[in-house]
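The values are calculated or read from the model by the stated rules, or taken from the named source; none is laboratory data. Every value quoted in this text rests on a predicted model; they were computed, and no experiment measured them. Ideal geometry is used to build each Cβ from the backbone, glycine not excepted, and the neighbour counts take in all protein chains shown. Ligands, DNA and RNA are excluded from the accessible area calculation, which covers all protein heavy atoms including side chains. Shrake-Rupley method; radii C 1.70, N 1.55, O 1.52, S 1.80 Å.
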Amino acid sequence: MIRTDGHCPDRARLAALHAAELTRYVETHPRSVALAAEDARHYLFGVPMHWMRDWPTPATLHVEHALGNRLVDADGHEIVDFCLGDTGAMFGHSPEPVAQAIARQAAQGLTAMLPSVRSAEVGRLLAHTFGLPRWQMTLSASDANRFVIRWARAITGRPKVLVFDGCYHGTVDDTLVDRAGDGRTLTRASLLGQVHDLALGTVVVPFNDAAAVRAALARGDVACVLTEPALTNCGLVPARPGFLEDVQRACAEHGCLLVLDETHTISSGWGGQGRQQGLQPDVIVVGKAVAGGLPCAVYGFTEAVDARMQAAKRAAPDGHSGIGTTLSANLLALAALQAQLAEVMTPAVYAGMLAHAALLEQRLDEVIAAAGVPWTVTRLGARMELQFCAVTPADAAAARAAMNAPLEQALHLYLLNRGLLVTPFHNMLLVAPQTGASDIERLVGAVGAFLSEVCA
Ligand SMILES: Cc1ncc(COP(=O)(O)O)c(C=O)c1O
């Protein structure tokens with residue numbers, strides 16, 4: 001029974017709880033507080049990468065070490081990690097085969113701007129896992145998406161990229177757009193140092209709207225549709241049944257490439273969401289966890305796309321392609337990729353993660369139902385999102401409407417003070433191979449306790 005009395009969360013209770021949790025954090029994390037003060041001397045916003053300041057803590061949590069699904073912080077607290085480096089450590093922190101492969105390779109060369117004796121086997125593993133025959137490597141998923149867009153424009157001779165409202169594909173200019181109420185593409189207002197009007201090269205349409213995709217593609221100027229198989233960066237918005245198949249057909253009919261960014265949706269199952277669903281994209285991108293969390297990403301493509309890439313490169317004058325970076329496909333990354341694909345990201349490992357994720361979803365559903373709050377849990381394999389709305393959102397606008405920053409920040413801090421880490425910016429939970437039933441009960445119990453504290 002969903003409560004309609006409007007007292008959950010009760011604003012005054014939430015504010016009082018949040019204030020108490022801020023104090024509790026400072027009192028129980030003296031070393032993190034001290035380290036944050038030292039960091040402030042040298043780092044912009046006091047952190048080595050400025051997003052690290054966006055966690056809901058009054059002073060940034062400092063990690064002593066991370067292993068499996070556990071972090072130990074600078075104050076010696078053991079924390080059950082449901083954030084897992086926002087997917088980079090989705091298969092656990094420092095998976096043993098990857099850590100060993102890195103250690104062995106580290107003693108034998110880190111980078112040479114040459115392939116290694118492992119590259120052929122890594123190529124075979126990528127093709128086997130993701131079902132596409134041809135591959136390239138980069139240092140990050142942002143780079144992979146950036147390079148794929150460049151290739152798509154080069155081989156189609158078309159200027160535009162189509163993305164979906166609410167998308168995030170990394171720090172890729174072409175994708176950092178919003179959709180105005182009248183459907184126009186807007187350069188995202190928060191971007192720093194942006195000088196180009198992104199509307200010149202990008203079209204943005206609502207997710208799950210196949211008619212809008214078709215209308216945009218009919219103009220004949222779109223080189224590729226770049227999408228995640230579900231939007232995972234504005235809450236979680238799954239594709240409606242048949243939507244991605246529709247988009248795939250529309251791409252084929254209009255001669256544009258379908259690029260699936262599986263960086264987050266490899267949580268769905270072995271080979272990623274597209275493979276699980278039987279899609280046939282022209283290109284896929286996988287980053288973050290693909291080499292166990294080492295900086296590395298890959299993009300894979302069909303033989304047909306490969307032939308067109310080769311033709312485009314041959315047709316261009318000699319010189320910089322604008323694609324690739326010096327450290328891409330370095331020796332260390334190849335070693336980590338091989339270990340991760342062969343020994344960690346296996347169907348058997350996925351089976352365990354998915355079973356525990358289903359259990360977490362079910363237990364959270366029970367707690368939500370018992371509290372009677374209009375919240376929902378949306379799950380994509382080992383990834384799920386607790387959303388402050390009664391039904392799973394169908395597009396980014398609905399997902400954004402469900403966000404509630406004060407509630408989210410208070411919840412995250414409350415959980416962290418009880419040894420449970422969830423992803424900042426939204427309520428994403430990831431289940432690692434090491435996440436056990438007792439970890440799940442601990443999280444579910446804490447969410448239930450939070451609800452009883454904030455509901456009048
Ligand atoms: C779907 C997706 N693609 C690409 C990226 C970019 O990854 P990175 O920041 O590792 O370059 C992200 C980052 O969150 C992402 O969510």
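Among the residues making up segment 322-331, a single one is over 23 Å from residue 132 (Cα atoms) and open to solvent by less than 50 Å² (accessible area, probe 1.4 Å): 322.
The rows are residues; the columns are (1) free of Cβ contacts under 8 Å to residues at least 60 places away in the same chain; (2) more than 16 Å from the ligand (Cβ to nearest atom); (3) in the same structural domain as residue 380 (by TED's automatic domain parsing).
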position	(1), (2), (3)
311	no, yes, no
323	no, no, no
327	no, no, no
358	yes, yes, yes
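Selection over segment 220-272 of residues that are within 16 Å of the ligand (Cβ to nearest atom) and in a strand (DSSP E or B) gives a count of 12. Restricting segment 130-165 to residues that are open to solvent by 10 Å² or more (accessible area, probe 1.4 Å) and within 17 Å of the chain's Cα centre (by Cα), the residue that is farthest from the ligand (Cβ to nearest atom) is 165.
Scanning segment 248-257 for residues being crowded, with 23+ Cβ neighbours inside 10 Å and out of contact with any Lys or Arg (no Cβ under 8 Å at 6 or more places or on another chain) gives a total of 1. Give the residues of segment 245-274 that are closer than 24 Å to residue 147 by Cβ and without any contact (Cβ under 8 Å) to a residue 12 or more places away in the chain, sorted by residue number. The one that is closer than 24 Å to residue 147 by Cβ and without any contact (Cβ under 8 Å) to a residue 12 or more places away in the chain: 252.
Taking residue 119, is it among the hydroxyl-bearing types (Ser, Thr, Tyr), touching a residue at least 60 places away in the same chain (Cβ under 8 Å) and under 22 Å from residue 262 (Cβ atoms)? Yes: the conditions hold for residue 119. Among the residues of segment 179-221, those that are under 20 Å from residue 242 (Cβ atoms) and loosely packed, with under 13 Cβ neighbours inside 10 Å comprise 211, 218.
Looking only at residues of segment 442-456 that are in contact (Cβ under 8 Å) with a residue 60 or more places away in the chain and under 25 Å from residue 264 (Cβ atoms), we find that the one that is most open to solvent (accessible area, probe 1.4 Å) is 442. So which residues in segment 81-122 are more than 25 Å from the chain's Cα centre (by Cα) and on the phi > 0 side of the Ramachandran plot? Scanning segment 81-122 gives 109, 113.
Output the residue which, of all residues in segment 278-294 that are in a loop (DSSP other than H, G, I, E, B) and touching a helix residue (DSSP H, G or I) at 6+ places or on another chain (Cβ under 7 Å), is nearest to the ligand (Cβ to nearest atom). By that ranking, first place goes to 287. Mind checking which residues of segment 268-318 are at positive phi and open to solvent by 20 Å² or more (accessible area, probe 1.4 Å)? Correct list: 278, 288, 293.
Restricting 211, 199 to those that are farther than 24 Å from residue 273 by Cα and more than 16 Å from the ligand (Cβ to nearest atom) reduces the list to 199. Only strands (runs of 3 or more DSSP E) whose full extent lies in segment 24-101 are considered here, and the ones with at least 2 residues that are open to solvent by 20 Å² or more (accessible area, probe 1.4 Å) and not assigned by TED's automatic domain parsing to the domain that holds residue 140 are 63-67, 70-73. Taken over segment 343-353, the criterion of being open to solvent by less than 50 Å² (accessible area, probe 1.4 Å) and either among the polar types (S, T, N, Q) or part of a helix (DSSP H, G or I) (or both) is satisfied by 344, 346, 349, 350, 352, 353.
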